[in-house]
Amino acid sequence: MFELRHVSRRYGSSVALEDVDLRIEAGRSTALIGPSGAGKSTVLRMLIGLEWPDAGTVLFRGEPLQRARLLEQRRRIGYVIQEGGLFPHLTAAGNVALLARTLGWSRARIDARVQELAALCRLPGDALRRYPAELSGGQRQRVGLIRALMLDPEVLLLDEPLGALDPIIRHELQAQMRELFATLGKTVVLVTHDVAEAAYLADPLVLLRGGRVVQQGPARELLQAP
Ligand code: ADP
Ligand code: ADP
């Protein structure tokens, strides 16, 4: 689904990624793990063209990501960040409908899709009328997921999606996300610094450190490492 070929990226003198080669297979959930600053988010942001390599190439379905086609390519990719990354001045419903509205979807079509996804992501209906600041962290996360799924993307990119939640809610959402991934059957790329979460939600795992891929493969092999 995605491929990085010899990708490097620097910010000033600091190296975010150094000669990264990586393939993300379709239909699987892949987790990018590693300590803070390893380059995980930079990889994820490159997959959706929020960041570009200084050297190397990013391929999406065998074609280079292209700035000229980015809007079209991005519609096929859902992206969720910590706390959902919602616009604070729009209600939850406004947030999830935004893109579909700009694409000219009818109100009825939008409503039907939102209802379907709210049930799937277990968001109570009244939460849709609230503003992000009036929602719990877990609800904001669910709204972010619904927004990302509106256009039925081929891929779901998740950057520390549960990072801001307290442990009990986090645990509950992990279980629901696992179920959701199985139901959707989409390609998922998950960034997390929590190895247990990665192993629970994804397989294979890719371990980054200092901007390099140091290990990748099936979770059971990586977690056995000495
Ligand atoms: P991770 O997601 O694994 O925590 P990141 O991909 O966010 O790591 O960052 C990798 C490295 O690149 C870090 O050293 C970080 O400080 C640096 N970096 C990332 N984004 C920027 C930026 N916009 N400006 C400067 N440095 C950045
Ligand atoms: P310009 O800014 O000259 O109009 P583009 O918008 O096509 O050119 O690209 C700007 C930057 O993005 C360049 O540094 C280019 O190398 C990089 N870039 C564009 N497409 C890709 C790709 N598929 N993989 C890696 N880098 C890319």
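Long-range amide H contacts for S29: which residues qualify at under 5 Å (H placed 1.01 Å from N, peptide plane, sequence gap of 5 or more or a different chain)?
V188, D203
So which residue, out of V188, V214, V206, gets the largest mean-square fluctuation from a GNM of the chain using Cα contacts under 10 Å as springs?
Among V188, V214, V206, the largest GNM mean-square fluctuation belongs to V214.
At a 10 Å Cβ-Cβ cut-off, how would you order Y131, Y11, fewest neighbours first?
Neighbour counts put them in this order, fewest first: Y11, Y131.
Taking just the alpha-carbon atoms of the chain, what radius of gyration and Dmax come out, in angstrom?
17.4, 56
Once you've got the GNM for the chain with C-alpha springs shorter than 10 Å, pick whichever of A196, A148, A68 has the biggest mean-square fluctuation.
Its mean-square fluctuation being the largest, the pick is A68.
Which three extents, in angstrom, do the Cα atoms of region 101-172 have along their principal axes, listed largest first?
Sorted largest first, the three principal extents are 39, 28, 19 Å.
When a footprinting reagent is the concern and you count Cβ atoms within 10 Å, what order do T102, T30 take, fewest first?
Details: T102 8, T30 22.
The most exposed by this proxy come first: T102, T30.
Hey, rough spin-label estimate for A175 and S36, points 7 angstrom out along Cα→Cβ, what's it come to in nanometres?
For the pair A175/S36, the computed spacing is 3.0 nm.
Mind putting a number on the dipole of region 103-226 about its Cα centre? Charges go on the C-beta only, +1 for Lys and Arg and -1 for Asp and Glu, and I need it in Debye to the nearest 20. Walk me through the numbers on the way to the answer.
Numbers: 15 positive and 15 negative charges, 58 e Å.
Value, rounded to 20: 280 debye.
Note down the magnitude of the dipole of the chain about its Cα centre, charges +1 on Lys and Arg C-beta and -1 on Asp and Glu C-beta and zero elsewhere, to the nearest 20 debye.
That gives the chain a dipole magnitude of about 600 debye.
Only the coordinates and a few stated rules stand behind these numbers; no lab work does. Predicted model, so just to flag it, every value in this text is computed and none were measured. With ideal geometry, Cβ positions are generated from the backbone for all residues, glycine too; neighbour counts draw on all protein chains shown.
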